[in-house]
Each structure stands twice: as C-alpha cells, then as structure tokens.
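Step one of this worksheet: look at the structure below.
The values are calculated or read from the model by the stated rules, or taken from the named source; none is laboratory data. What you see is a predicted model; the values in this text were computed from it and never measured. Counting neighbours? That spans all protein chains shown, and the Cβs are built from the backbone with ideal geometry, glycine included. For accessibility, only protein heavy atoms count, side chains too; no ligands or nucleic acids. Shrake-Rupley method; radii C 1.70, N 1.55, O 1.52, S 1.80 Å.
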Number of protein chains: 2
Amino acid sequence: MSDANSNSPHHVVIVGGGFAGLHAAKDLGRAPLKVTLVDKRNFHLFQPLLYQVATGSLSPGDIASPIRMVLSRNQNTQVLMAEATDIIPAERKLVLRDGELTYDTLIIATGVSHYYFGNDHWEPLAPGLKTLENALEIRKRIFAAFEQAEREADPQKRQALLTFIVVGAGPTGVELAGALAEIAYRILKDNFRSIDTAETQILLLEGMDRVLPPYTPDLSAKAETALNQLGVVVRTKTLVTNIAGEIVTVKSGDHTEQIAAKTILWAAGVKASPLGKLIGDRTGAELDRSGRVIVEPDLSVKDHPNIFVIGDLANFPHQGERPLPGVAPVAIQQGVYVAKLVQQRLKGKTLAKPFYYKDYGSLAVIGRNQAVVDLKFARFSGFPAWFAWIFAHILFIIEFDNKLLIMIQWAWRYFTAEGGARLITNPEEAKEKSTVQV
Amino acid sequence: MSDANSNSPHHVVIVGGGFAGLHAAKDLGRAPLKVTLVDKRNFHLFQPLLYQVATGSLSPGDIASPIRMVLSRNQNTQVLMAEATDIIPAERKLVLRDGELTYDTLIIATGVSHYYFGNDHWEPLAPGLKTLENALEIRKRIFAAFEQAEREADPQKRQALLTFIVVGAGPTGVELAGALAEIAYRILKDNFRSIDTAETQILLLEGMDRVLPPYTPDLSAKAETALNQLGVVVRTKTLVTNIAGEIVTVKSGDHTEQIAAKTILWAAGVKASPLGKLIGDRTGAELDRSGRVIVEPDLSVKDHPNIFVIGDLANFPHQGERPLPGVAPVAIQQGVYVAKLVQQRLKGKTLAKPFYYKDYGSLAVIGRNQAVVDLKFARFSGFPAWFAWIFAHILFIIEFDNKLLIMIQWAWRYFTAEGGARLITNPEEAKEKSTVQV
C-alpha cells in the first residue's frame with residue numbers, strides 16, 4: 001500500500017461498532033494512521049447479556065456503552081454516528097446516508113439480524129432479540145402478558161396469556177426460556193392476586209434433535225435436564241410452520257398441533273445485514289445462503305485486499321468442516337487479526353499466517369446457579385458452570401470501565417433474588433405496533 | 001360508613017401509583033379492608049431523579065420499581081394496570097377503559113403533566129420531563145445534538161446544535177441546566193474530534209426575577225452563582241414568547257431576541273391530569289386555574305366525604321398564603337394522612353385534625369458537589385448541601401429495596417466521573433416525532 005508514503009496518513013474506515021469493529025478500532029488506536037469508526041448507533045452493545053435486559057434483570061445502560069467514550073483516548077480515531085449505504089471500491093469511497101468517506105482500508109463489521117425463513121410477516125408477532133429496542137419490546141410483552149392475565153376472567157384466554165413460546169434452542173433461546181422460568185416460578189410468585197404464576201407454561205421449540213446444537217451431545221442433555229428442572233417444556237425436532245395472531249402451528253414428525261400463546265419469542269435463524277449483499281454486488285464476492293460474505297483466509301474480500309469483512313457478517317470457511325460460528329470470541333479475534341494485518345502492511349510487511357480462530361470453549365447460562373460450560377479440556381455444568389459464565393462475562397466486558405459495578409449489581413440481584421428493571425415502557429407504542437393491549 | 005358491618009370488606013380504590021397513591025396503599029396494607037391500586041403504568045417512578053435519566057447518569061430501572069413488587073407483601077391489596085376514564089359517585093363506581101370497579105372509598109392521585117400556557121404545539125419542539133419516555137426522549141436529543149455537531153461543517157448550524165435552552169428555573173430546570181453543563185464541559189470533553197464541547201452554550205430562562213423562586217432569595221442567589229460557575233448562562237425576568245422550528249423568541253422587558261437552538265427543554269408550567277376536570281364535572285368540586293381540585297381540610301372532595309384527592313392533583317389552600325407546592329413530601333404526607341383517616345372511620349371514629357403539612361425544607365442539586373438546602377433551621381450550599389441532597393434522596397427511595405445498590409452506583413459514578421447511560425435509543429422514532437435527524 002503506497003499511502004504510507006503519501007502526505008496524509010493511511011485512513012482506515014471501520015463500519016460497525018460491535019465486537020469485531022470495536023476491537024479492530026481499539027487495536028489501531030496507537031498506530032500511525034487515521035481511523036474512522038462509523039455506526040448508526042452511538043453505543044456498543046454487549047449482546048451476550050441482551051436477554052437479561054429483555055427479561056428485566058439489567059437496564060440498557062448496564063450492557064451498552066457510548067462508542068466514543070470507549071475510544072476517547074485514541075487520538076487518531078474519530079467516531080461518526082452515520083449509516084453506510086454504499087461502497088465504491090474503484091474510488092475507495094464509502095457512501096453514507098448524508099455524506100461520504102474516502103478510505104485506504106475498509107473494514108466492514110455490520111453483523112446480522114433475525115431471519116424468519118421467508119416469513120417476514122411473523123416478525124411483529126414473534127420479535128427477535130438483536131437490538132436494545134428488541135429487548136425492551138420483549139420485556140414489555142412478557143410483563144404485559146402477566147398484567148393482562150391478572151385482569152382476564154376467561155380461563156382459555158388467561159391460559160394463552162400465561163403461555164410463552166421460545167422458538168429456537170441455541171444459546172439465546174435457552175437463556176430466554178430459563179430466565180422466563182425464573183420470572184414465572186420464582187420472581188413474580190407473590191406479586192399477583194387473581195392468577196397463580198406457577199400455572200405459566202414455557203415452551204422451548206427446536207428443529208434439531210437437541211438443545212444447544214453447536215455444543216457436545218452430553219452438554220445438550222445436561223442443559224435439557226436443567227431446563228426441565230426449572231419448569232421449561234423442551235420440544236426438539238419441532239418446527240414452527242405458521243404463526244397467525246396468537247396461534248402457533250408446530251409440526252413434530254407427522255404430528256401437527258396448534259398452540260395458543262400471547263407471547264412468542266424468536267431465537268432461530270439469522271440473515272446478513274444489507275451491507276453483505278452490497279459487498280457482493282460491488283466486489284463480486286461470493287455470499288452464503290444467509291447473505292454473509294465468504295472471505296479469504298486473511299479475512300479480506302476476494303480480489304480486494306484492502307476491504308475486510310469481519311464478525312458475524314463474515315463466513316470464514318477455511319477452518320473446520322463448518323464456517324466459524326457467529327459468536328463474540330470469533331468477532332473479537334477477527335478484529336484483532338485485521339488490526340495487526342493493517343499495521344504490518346503499513347510497514348511494508350505482511351502477515352504470513354492466515355486467520356485462525358482459537359476456540360476456548362462455549363458456555364450458556366440456563367438459570368440462577370445453572371449453566372453448561374465446554375472448555376475443550378473440561379466440561380461441566382451446574383453451579384460451577386454458572387459461576388464460570390458470570391466470571392467470563394465480567395472479564396470480557398472489556399469495553400466497560402464499570403466492570404466492578406456490574407459485578408456488584410449482579411451479586412446484589414443474585415442474593416436479593418430481584419429483577420429490578422421489570423418496567424413496561426412505551427405502552428402507547430405497544431398498542432399500535434403489536435397485538436399487546438396494555 | 002356502614003360497609004364496615006356488611007359481608008364484604010370495605011373497598012378502597014386508589015388511582016395513581018405515584019408518591020401519594022403508593023404511600024396511601026402502603027399504610028393501608030395491614031388494615032382489615034380491601035385495597036385496589038389502579039395505574040396505567042406498571043411501575044412507580046422516583047420523579048426527583050428523573051433528570052438524571054434524561055442526562056444519562058442513571059438508567060430507567062434505577063429510579064422505577066414495579067408497583068406490584070413494592071406492594072407484594074400486602075395481602076389485602078391488588079394492583080391493576082388499567083386506565084381510569086370516569087367516575088360515577090352515585091353508584092360508587094370507577095370506570096376503567098376496559099371494565100369498572102365499585103368502591104367504598106376512592107382516592108385519586110393522578111398528578112399533573114406539563115403545561116405550555118396554551119401553546120401545545122410547542123410540546124414536540126420543547127419536551128417536558130414528567131415520564132420515563134420524556135426522559136429518554138430528552139436524553140436522545142441531548143446526545144444526538146453533539147453527534148450531529150461533530151458532523152456539521154456549517155459554523156452557524158453547529159452553534160445552534162451546541163446551544164441548549166432550558167425554560168423554567170424551578171428545581172427541575174436548575175438540575176437539568178447544571179447536569180447539561182457537567183456533560184458539555186466535563187464528561188464529553190475528550191470524546192469528540194471536530195468540535196470542542198467547551199463551546200457549548202447552556203441558557204436557563206426564568207420569567208420571575210430569580211432562579212428557584214419558591215426558595216429564599218439568598219439561596220436563589222447562591223444557586224445562580226453556582227450555575228454561573230458551572231458555565232450556565234442564567235436569564236431571569238425572561239419569557240419565551242414563541243418557539244418555531246429551532247428558533248426561540250425570548251422577551252426581557254422591552255427587549256425581544258431570537259436564539260437559534262437545536263435542543264429546547266421545557267421545565268415551566270404544569271396542568272392537572274384529565275381526572276381533575278372529571279372530578280369537577282361529576283362532583284361539582286371547584287378547580288383552580290391549572291385544573292387541580294380544591295380539596296377540603298381533610299383532603300376529601302366537597303360534599304363527597306368518601307372521595308379524596310391527594311398529591312399534585314390536589315390544591316390544598318388551608319395552610320399558608322399559597323396552596324401547598326407539588327412536591328414529593330406533600331404527596332407522601334397526604335397519602336399517609338388519608339390512609340389513617342380511612343382506618344379511623346372504619347372504627348366509627350374520625351380524625352379531629354385537618355391535614356397539616358410539616359415542611360422539613362427544600363433542596364435542589366446544581367451539579368457535582370453543588371446544591372442548595374433550606375432546612376428551615378439551617379440553610380447551606382456547596383458540597384455539604386450536595387451531600388445532604390444525596391443522603392435525603394437515598395433515604396426517601398423507600399419504595400426500593402435496592403437503596404444500597406443505587407448508593408454504590410452513585411458513589412462509583414461520582415468517583416469515576418462517568419455517565420454510564422448516555423445511549424440514544426429509538427432513533428427511527430426520533431426522525432418521525434421530532435426535528436432531530438439521527
């Protein structure tokens with residue numbers, strides 16, 4: 001790259017302030033170049049804990065941090081709140097909704113959103129969990145359902161209000177179902193007079209033959225046992241074939257069933273952010289079925305060595321049988337790798353090694369005291385796993401200077417058994433946008 | 001009241017879960033009667049700290065608590081999330097949007113909202129601060145203005161983006177202006193590259209001749225000095241005569257001026273909630289100019305001894321020259337008084353004494369380390385006053401079991417000088433509902 005010798009410093013433009021983009025930016029913060037990070041939101045979101053906002057244990061401010069605060073000490077870095085709408089590789093230009101940027105190196109890390117397998121009209125009926133707004137909408141639906149049940153005289157309608165369906169038993173679905181069980185069977189126990197929250201039914205549906213399909217079968221079995229103990233009804237090999245109003249149609253083998261449920265949460269299927277298709281159109285890069293960009297071994301886009309795609313938006317097929325999973329550790333390591341690669345190139349060198357993901361293991365939390373951990377060298381579950389989960393998450397909230405504060409909050413809430421943030425906000429909006437009548 | 005001798009227990013219906021209604025409910029929790037608390041929201045809001053949510057220091061969950069959790073131990077009490085739409089005193093009926101309740105005693109405590117002195121079209125241009133949604137909207141506008149300024153090339157537009165006008169210098173206005181100064185001159189200092197946040201202008205406008213008009217003149221003077229030291233420009237005897245787009249027209253004496261400001265916040269004027277007029281229509285009770293119900297010395301409505309109006313919605317003219325102010329201590333004491341009165345009546349007795357407000361003093365916080373306190377027996381300002389303010393607020397968050405947790409958070413944020421919750425949420429909504437382009 002010749003820019004290193006020109007007058008103005010090499011300009012790295014990063015689109016997206018999630019785990020991948022933010023870590024790339026952090027690691028470029030002391031390098032002799034100029035960095036611009038573009039995000040349409042002003043904050044980084046610690047997505048692994050988003051379900052705790054959705055279930056009222058944490059507040060939005062606990063798991064989100066302004067990007068420009070996180071990067072404020074990086075004097076070479078500017079943060080722009082803007083939306084990227086196009087890329088013109090020939091001119092090295094990133095087009096924004098209201099402006100444009102010229103880059104020397106472009107790093108795209110805009111992630112994925114939910115996918116309803118072609119049934120986009122299900123979205124308002126069964127919201128997914130990707131943004132803070134999603135989380136607050138889900139929180140509103142969960143607690144509004146109990147409020148309405150308290151006032152509902154008709155037993156059938158009441159049963160539908162007290163039925164919660166979670167579609168998809170990946171980590172997010174398992175965590176949501178576990179948290180719902182805690183809410184219904186423990187936290188809200190003494191809060192109502194007309195209903196008994198113990199009558200709540202929580203169904204976790206999974207198309208594959210076990211929960212947590214990416215994990216080992218024995219951990220899946222342990223997770224299922226823990227879910228059952230909490231009161232969650234797990235149904236594997238079960239597909240959702242229709243959602244209409246408050247009726248979910250499910251199919252297990254040849255058996256089809258209709259279930260009335262007021263609250264349906266979607267934790268199955270992802271599709272690439274719109275920038276994925278744009279990269280395909282503008283560079284000729286190949287996309288996978290979800291619209292993610294299939295990247296080169298060094299995470300660059302084919303024939304465009306100065307354009308990188310990292311994080312959930314990237315399909316990295318060069319390690320193992322399946323592409324790397326869309327999880328935070330992959331995104332972080334990719335951000336770190338690209339930051340290193342860019343700095344090497346500036347020095348006229350290159351990184352000999354392609355990107356390699358070092359997998360430290362997987363973990364998922366099921367409820368208070370219940371989690372499963374697969375650390376490769378050791379697998380365990382129950383309280384030790386739960387504690388490991390807490391520890392790992394505190395440790396990796398590196399974007400936050402208030403690590404200790406969050407730990408204190410968690411300890412507090414653990415010992416007082418309270419969810420402090422069970423607020424239903426924007427109820428008027430709820431009336432318009434959803435079927436919830438508050 | 002004869003109901004005490006009938007089969008079903010005496011039924012007290014309380015409308016509104018603010019300070020007044022919640023304290024009435026709490027004090028009736030062990031009495032041999034049935035209590036129903038109706039609120040359209042599912043949470044009690046600690047309103048004195050709402051400005052800290054608006055300025056990004058606290059999260060909604062820190063200052064709000066689900067009403068049914070607060071009252072969960074009161075076995076005689078049911079909480080309903082519902083909206084009251086009418087009262088039929090002859091039938092002792094409270095009409096809800098979807099149902100009705102029969103009461104023996106009715107306690108109305110639905111408070112007040114903003115008043116724009118007949119200029120309701122100013123509301124979207126200059127939001128007030130009464131609800132959590134208001135606070136999040138104001139937070140969004142404040143931080144979006146800085147984001148836009150960072151990207152604005154035109155110096156004039158940039159100046160308008162960095163100009164904040166707070167209308168009204170009561171406690172809320174003073175606290176908002178002080179917090180804005182902290183944000184602009186301290187917290188955001190190193191976060192931007194194109195703008196210098198020190199160029200931010202914060203104007204506090206007040207129609208009367210001093211800030212904090214309900215306080216003593218020397219405390220007003222001290223507060224104004226503290227505001228000036230923080231960088232706030234205070235203009236007293238100044239009225240807003242028009243708000244159009246981003247131009248505020250202000251009038252001081254004969255002098256009229258137009259100020260371009262992107263962010264205008266309204267902290268002047270209140271009007272009664274719609275139930276006030278309804279009570280007037282249905283009972284013949286007299287209302288004041290703001291629509292508040294003028295109550296009897298025992299807080300009941302004239303000629304309706306079993307209907308009470310308490311809190312901000314009540315105009316209590318029987319003590320001092322002016323009606324009692326709409327502050328939390330008045331609301332709390334009124335709730336406690338009515339709860340006692342109702343229990344005495346059930347025993348066939350009555351309370352000899354009319355309601356009497358015991359005024360322990362006033363306080364307002366201006367910024368970190370800066371507050372003014374008027375404790376009647378002692379007046380002070382500066383750090384001791386700030387500390388007293390913190391202490392009093394922690395002490396009075398009696399609705400919250402997480403008192404200690406909030407104290408730890410505050411201490412943390414004080415020593416790290418960080419506002420952790422500066423998130424711009426619902427940006428799409430912002431585009432539609434306001435002039436902010438995010």
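Annotations
- Subset of the range A:44-62 (residues that are among the β-branched types (Val, Ile, Thr) and more than 10 Å from chain B (Cβ to nearest Cβ)): A:THR55
- For the range B:119-156, the set of residues classified as away from chain A (no Cβ under 13 Å), closer than 14 Å to B:THR263 by Cβ and not hydrophobic (A, V, I, L, M, F, W, C) consists of B:PRO124, B:PRO127, B:GLY128, listed by residue number.
- In the range B:201-214, residue nearest to the other protein chains (Cβ to nearest Cβ) [restricted to those that are among the hydrophobic types (A, V, I, L, M, F, W, C) and not in a loop (DSSP other than H, G, I, E, B)]: B:ILE202
- In the set B:GLY280, B:GLY320, only one residue is under 29 Å from B:PHE117 (Cβ atoms), open to solvent by 30 Å² or more (accessible area, probe 1.4 Å) and small (Gly, Ala, Ser); that residue is B:GLY320.
- Number of positions in the range B:63-95 that are facing chain A (nearest Cβ under 7 Å) and out of contact with any strand residue (DSSP E or B) (no Cβ under 7 Å at 6 or more places or on another chain): 2
- Wholly enclosed strands (runs of 3 or more DSSP E) of the range B:86-134 bearing at least 2 residues free of Cβ contacts under 8 Å to residues at least 24 places away in the same chain and surrounded by fewer than 19 Cβ atoms within 10 Å (Cβ to Cβ): B:93-96, B:99-102
- Hey, B:LEU423 at pLDDT below 80 and more than 14 Å from chain A (Cβ to nearest Cβ) or not: no
- Selection of the range B:347-368 for residues being buried (at least 20 other Cβ atoms within 10 Å of the Cβ) and touching a residue at least 40 places away in the same chain (Cβ under 8 Å) yields B:PHE355, B:SER362, B:ALA364, B:VAL365, B:ILE366, B:GLY367.
- Subset of the range B:229-261 [within 28 Å of B:TRP389 (Cβ to Cβ), modelled with pLDDT under 95 and loosely packed, with under 14 Cβ neighbours inside 10 Å]: B:GLN229
- Only one of the numbered conditions (1) part of a loop (DSSP other than H, G, I, E, B); (2) among the acidic types (Asp, Glu); (3) free of Cβ contacts under 8 Å to residues at least 40 places away in the same chain is not met by A:ASP298, and that is (3).
- Cβ pairs under 7 Å, 6+ apart, first in the range B:186-200 and within 11 Å of chain A (Cβ to nearest Cβ), second surrounded by 17 or more Cβ atoms within 10 Å (Cβ to Cβ) and β-branched (Val, Ile, Thr): B:LEU188/B:THR197; B:LYS189/B:THR197
- Residue check, B:ALA181 outside any loop (DSSP other than H, G, I, E, B), over 25 Å from A:ASP39 (Cα atoms) and away from every other protein chain (no Cβ under 14 Å): yes
- Test: residue in the range A:255-271 that is more than 25 Å from A:ASN134 (Cα to Cα) and among the small types (Gly, Ala, Ser): no
- Any hit, the range A:296-309, residues being within 22 Å of A:SER113 (Cβ to Cβ), surrounded by fewer than 18 Cβ atoms within 10 Å (Cβ to Cβ) and modelled with pLDDT of 95 or more: no
- In the range A:188-202, the qualifying residues are those that are surrounded by 21 or more Cβ atoms within 10 Å (Cβ to Cβ) and among the hydrophobic types (A, V, I, L, M, F, W, C), and the one that is modelled with the lowest pLDDT is A:LEU188.
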